Amino acid sequence: MCGIVGFLDFNKFTSREDLLAMNKALKHRGPDGEGVLVSQEENYVFGLGHQRLSIIDLSTAGHQPMAFENFTISYNGEIYNYKEIKLSLLDLGHEFQGDSDTEVILHAFQQWGVACIHKFIGMFSFVIYDKKKKEITCVRDRAGIKPFFYYYQDGLFLFASELKAFHQMESFKKILNEDSLRLFLQFGNIPAPHTIFENCYKLSPGNYLQLNTNSKEDFIKSMVSHVYWNVYDSYNKPKLKVSFQEAKLKTQEILSSACYYRMVADVPVGIFLSGGYDSTAVTAILQKSSSQPLKTFTISVPDIGLNEAEEAAKIAQFIGTDHTEINCGVKEAIDKIAEIPFYYDEPFADSSAIPTMLVSEAAKKSVTVALSADGGDEVFAGYNRYDYMMKYQRKFSATPKLMRDVMVRLMDQVPAAKLPYLRHKYNFHQRYEKLKMLLKDPSENNFMLSLSKQFTEEDLMLILRKKNDLILTAYQSTDLLKQFSTPLSFMLAIDYQTYLPDDILQKVDRATMHVGLEGREPLLDHRLIEYVAQLPDEFKYHNGIKKFLLKEIVHDLVPKNLMDRPKKGFAIPIATWMQNDIAYLLDEYLNEIAIDQQGLFNWGPIDQIISAFKAGKLEYTNKVWYLLVFQMWYKKWMN
């Protein structure tokens, strides 16, 4: 895991010093070494930089940028099956200087071209410069575990693992993309390929760029993203005709392979163990085949109700791991809020970034690599919104519109905070607001969007001064063919393309890398989703039981009575904080003077939202948090 940066400048203004500054901005991603390369060509100057976190082949043979023949690479990630690929290349006559996966990528690219990525099992974003062909190839892994940003304006092309590297360049024009602001207010993140800046993009998961540098005109024409892998390719196949037992055995076989691969490292490896089904599956599978106790980590912040420690400890004891329980105080958690704008250098509102940063910080003291278990909900159907779709979408659609309108008006009159018992349920206030949106329009498409959005189109019309255009994202994808579409596959495929890479994986990447910790994701092995996507829906969502297939696998490894309990969210009491501990931040960032000077929002509707929240209407919590996060980001990067 590392940080990569680089540029191509047809104007020849960019220097080695600029590249070093970009590199230094990502030092937290790779504290073990750095390297830069600058190549002066006839029509342009090209630079490639790398910050190294040493994981495989700790010697200087793994130093980057790395060159082989006419190819030079800067690479972030891990290719877990690199040893098998290396054997194939040795049979073809290749010779190697070291034992790094980086060198294997270079040789594979020389042998097979960009098609080599189909051989890779892993997570990666990399750039390869072909000095002979004058061509730059940029690649991002299938699920989007590793980030890749790029920018082009006036003959200058920049790329990096994080946006903050671009800010080191005086020629980077940081113009706010107000259409992307609209996306952020809806989703709490900015979906790929968009970013918060004009002329700046994320390379979408499963995509690559192949850029022709012979001339500025050729370069611009070649700036087309190519898809090499798409989750819909697996959903757009007939369901496999297999028994549940066959599916269970095959899934466990793939999952075991995925877990074993992700233990490949020349440094200590640990596992984040929350006690839920996803992390328990990973831990139990790996400990079963290990002669030594694996290191596991659980975070607990009892003061804020984030306490999975007791359940995780019982599971760790049963499985037999070397378990560490990380106890944090509320002050430690709140202090992390101030760090979010820097490390999440694009507006990002998932507040679970805070505990993820805390557990990463603690794990780094013992290990350099930590396995996480993200993706289980998107692969095996674990989110509550799948319940809503499966149980209520058809019922809502069958309810007469007049009756639904009456229910919405009634809910408007009775806020969530006034409902006894229910108001104390986890996240009930937000769910109450979602229910109102679903009653307004219960179509399948709107069901998904309503369950994903925070600010509605009506909200945005009121609070934004500019009436932005609606820009398309993977939420509007029509890639799922009708003959294979079911309500569950529809939601699973969209979540895998949107919420997973744009929220979950961005959160984990920044949280782990802010302390130079490599996070690995066995449940996102592409072989797993390619198989599970073809299984019948009832294997994943069975008689109202979410993640049925995964749960049955885990119950063979860990007693059911240790696992069978309500799902806990990895959430923090952000409403309580904003009304008490960090109320001063609302006054500092969300006041009339600041809003008017900024020129993006209408103060009146913003004031109404904040006032309602301060008056106790907790259904406005997320809206206030989104606004606060944006304002803090704006002050850090735009002022």
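The values are calculated or read from the model by the stated rules, or taken from the named source; none is laboratory data. None of these values were measured; they are calculated from a predicted model. Cβ: placed from backbone, ideal geometry, glycine included. Neighbour counts: every protein chain shown.
Here is a yes/no grid of residues against (1) under 22 Å from Ser256 (Cβ atoms); (2) modelled with pLDDT of 90 or more; (3) in a helix (DSSP H, G or I):
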position	(1), (2), (3)
Glu530	yes, yes, yes
Glu538	no, yes, yes
Leu549	yes, yes, yes
Ile553	yes, yes, yes
Leu557	yes, yes, no
Leu562	yes, yes, yes
Arg565	no, no, no
Gly569	no, no, no
Ile572	no, no, no
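Residues in the range 97-108: is at least one over 23 Å from Glu162 (Cα atoms) and part of a strand (DSSP E or B)?
no
Give the residue, chosen from Asn81, Asn76, that is assigned by TED's automatic domain parsing to the domain that holds Ser215 and surrounded by fewer than 21 Cβ atoms within 10 Å (Cβ to Cβ). Break it down into steps so the answer makes sense when it comes.
Details: Asn76 fails: surrounded by fewer than 21 Cβ atoms within 10 Å (Cβ to Cβ).
Answer to the check: Asn81.
Filter the range 498-515 down to residues that are aliphatic (A, V, I, L, M) and in a helix (DSSP H, G or I) and give me whichever is farthest from Tyr344 (Cα to Cα). Lay out the reasoning, then the answer.
Step one: filter the range 498-515 for residues aliphatic (A, V, I, L, M), giving 500, 504-505, 508, 511, 513, 515.
Okay, now just the ones that are also in a helix (DSSP H, G or I), so 500, 504-505, 508, 511, 513.
Working: Leu500: 16, Ile504: 12, Leu505: 12, Val508: 11, Ala511: 9, Met513: 11 Å.
Among those that are aliphatic (A, V, I, L, M) and in a helix (DSSP H, G or I), it is Leu500.
Answer yes if at least one residue in the range 241-249 is in contact (Cβ under 8 Å) with a residue 60 or more places away in the chain, surrounded by 23 or more Cβ atoms within 10 Å (Cβ to Cβ) and not charged (D, E, K, R), and no otherwise. Walk me through it before giving the result.
From the range 241-249, those in contact (Cβ under 8 Å) with a residue 60 or more places away in the chain are 242, 244, 247-248; that's our starting set.
Add one more test, that the residue is surrounded by 23 or more Cβ atoms within 10 Å (Cβ to Cβ), and what stays is none.
No, because not a single residue in the range 241-249 is in contact (Cβ under 8 Å) with a residue 60 or more places away in the chain, surrounded by 23 or more Cβ atoms within 10 Å (Cβ to Cβ) and not charged (D, E, K, R).
Out of everything in the range 320-331 that is assigned to a loop (DSSP other than H, G, I, E, B) and touching a strand residue (DSSP E or B) at 6+ places or on another chain (Cβ under 9 Å), what residue ends up being nearest to Gln506 (Cα to Cα)?
Within the range 320-331, the subset assigned to a loop (DSSP other than H, G, I, E, B) is 320-321, 328-329.
Then drop every residue that is not touching a strand residue (DSSP E or B) at 6+ places or on another chain (Cβ under 9 Å), which leaves 321, 328-329.
Working: Thr321: 28, Cys328: 23, Gly329: 25 Å.
It comes out as Cys328.
What number of residues within the range 485-499 satisfy the criterion of being aliphatic (A, V, I, L, M) and surrounded by fewer than 20 Cβ atoms within 10 Å (Cβ to Cβ)? Walk me through how you get there before you give the answer.
First, the residues of the range 485-499 that are aliphatic (A, V, I, L, M): 488, 491-494.
Of the ones still in play, those that are also surrounded by fewer than 20 Cβ atoms within 10 Å (Cβ to Cβ) are 488.
Looking only at that region, the number is 1.
If you go through the range 171-196, how many residues are touching a residue at least 40 places away in the same chain (Cβ under 8 Å) and either assigned to a loop (DSSP other than H, G, I, E, B) or among the small types (Gly, Ala, Ser) (or both)? Can you show your working first?
Looking only at the range 171-196, we keep the residues that are touching a residue at least 40 places away in the same chain (Cβ under 8 Å), and these are 171, 174, 176, 178-192, 194-196.
Adding the requirement that they be either assigned to a loop (DSSP other than H, G, I, E, B) or among the small types (Gly, Ala, Ser) (or both) leaves 171, 174, 180, 188-192, 195-196.
Summing the residues that are touching a residue at least 40 places away in the same chain (Cβ under 8 Å) and either assigned to a loop (DSSP other than H, G, I, E, B) or among the small types (Gly, Ala, Ser) (or both) in the range 171-196 gives 10.
Within the range 332-383, track down each residue that is part of a loop (DSSP other than H, G, I, E, B) and hydrophobic (A, V, I, L, M, F, W, C). Break it down stepwise before answering.
Just the residues of the range 332-383 that are part of a loop (DSSP other than H, G, I, E, B), to begin with: 344-352, 364-368, 372-375, 381-383.
Across the range 332-383, the qualifying residues are Phe348, Ala349, Val367, Ala373, Ala381.
If you go through the range 551-558 one residue at a time, do you hit one that is more than 23 Å from Leu618 (Cα to Cα) and outside the structural domain of Gly329 (by TED's automatic domain parsing)?
There is no residue in the range 551-558 that is more than 23 Å from Leu618 (Cα to Cα) and outside the structural domain of Gly329 (by TED's automatic domain parsing).
Inspect all residues belonging to the range 211-218 and state whether any of them is assigned by TED's automatic domain parsing to the domain that holds Lys174, in a strand (DSSP E or B) and modelled with pLDDT of 95 or more.
Kept after step one, since they are assigned by TED's automatic domain parsing to the domain that holds Lys174, are these residues of the range 211-218: 211-218.
Okay, now just the ones that are also in a strand (DSSP E or B), so 211-212.
Narrowing further to those that are modelled with pLDDT of 95 or more: 211-212.
Yes, that holds for at least one residue.
Hey, among Asp459, Asp495, which residue is within 30 Å of Leu600 (Cα to Cα), in contact with a Ser or Thr (Cβ under 9 Å, 6 or more places away or on another chain) and assigned to a helix (DSSP H, G or I)? Spell out how you get there, then give the answer.
On the way: Asp459 fails: in contact with a Ser or Thr (Cβ under 9 Å, 6 or more places away or on another chain).
Exactly one residue qualifies, and that residue is Asp495.
Could you tell me whether any residue of the range 237-251 is in contact with a Leu (Cβ under 9 Å, 6 or more places away or on another chain), modelled with pLDDT of 95 or more, of a type outside the set (Lys, Arg) and within 18 Å of Lys146 (Cβ to Cβ)?
no
Filter the range 41-71 down to residues that are in contact (Cβ under 8 Å) with a residue 24 or more places away in the chain and in a loop (DSSP other than H, G, I, E, B), then give me how many there are.
15
Would you be able to say whether some residue in the range 338-348 is within 30 Å of Leu439 (Cβ to Cβ) and surrounded by fewer than 19 Cβ atoms within 10 Å (Cβ to Cβ)?
Among the residues of the range 338-348, not one is within 30 Å of Leu439 (Cβ to Cβ) and surrounded by fewer than 19 Cβ atoms within 10 Å (Cβ to Cβ), which makes the answer no.
Given the conditions (1) in contact with a Lys or Arg (Cβ under 9 Å, 6 or more places away or on another chain); (2) within 24 Å of Leu480 (Cα to Cα); (3) surrounded by fewer than 22 Cβ atoms within 10 Å (Cβ to Cβ), and given that Leu528 satisfies all but one, which numbered condition is not satisfied?
Of the numbered conditions (1) in contact with a Lys or Arg (Cβ under 9 Å, 6 or more places away or on another chain); (2) within 24 Å of Leu480 (Cα to Cα); (3) surrounded by fewer than 22 Cβ atoms within 10 Å (Cβ to Cβ), the odd one out for Leu528 is (1).
If the requirement is being of a type in the set (A, V, I, L, M), more than 28 Å from Asp503 (Cβ to Cβ) and touching an Asp or Glu at 6+ places or on another chain (Cβ under 9 Å), which of these qualifies: Leu185, Leu211?
Values: Leu185 fails: more than 28 Å from Asp503 (Cβ to Cβ).
Just a single option satisfies the conditions, and that option is Leu211.
I'd like the residue in the range 1-39 that is among the basic types (Lys, Arg) and touching a residue at least 40 places away in the same chain (Cβ under 8 Å) and, out of all such residues, is nearest to Phe157 (Cα to Cα).
Kept after step one, since they are among the basic types (Lys, Arg), are these residues of the range 1-39: 12, 16, 24, 27, 29.
So of that shortlist, the ones also touching a residue at least 40 places away in the same chain (Cβ under 8 Å) come out as 24, 29.
On the way: Lys24: 19, Arg29: 22 Å.
Only one residue tops the list, namely Lys24.
Let me confirm something: among Ser452, Ser477, which residue is outside the structural domain of Tyr541 (by TED's automatic domain parsing) and either buried (at least 19 other Cβ atoms within 10 Å of the Cβ) or modelled with pLDDT of 95 or more (or both)? Before you say what the answer is, go through the steps one by one.
Details: Ser477 fails: either buried (at least 19 other Cβ atoms within 10 Å of the Cβ) or modelled with pLDDT of 95 or more (or both).
Answer to the selection: Ser452.
With the requirement that a residue be within 20 Å of Tyr82 (Cα to Cα) and either touching an Asp or Glu at 6+ places or on another chain (Cβ under 7 Å) or β-branched (Val, Ile, Thr) (or both), what does the range 243-265 give you?
Passing the criteria: Ile254, Ala258, Val264.
Quick check on the range 166-189. Is at least one of its residues within 23 Å of Phe120 (Cα to Cα), in contact with a helix residue (DSSP H, G or I) (Cβ under 9 Å, 6 or more places away or on another chain) and crowded, with 21+ Cβ neighbours inside 10 Å? Steps first, answer last, please.
So the first thing to find is which residues in the range 166-189 are within 23 Å of Phe120 (Cα to Cα), and the list is none.
The answer is no; no qualifying residue exists.
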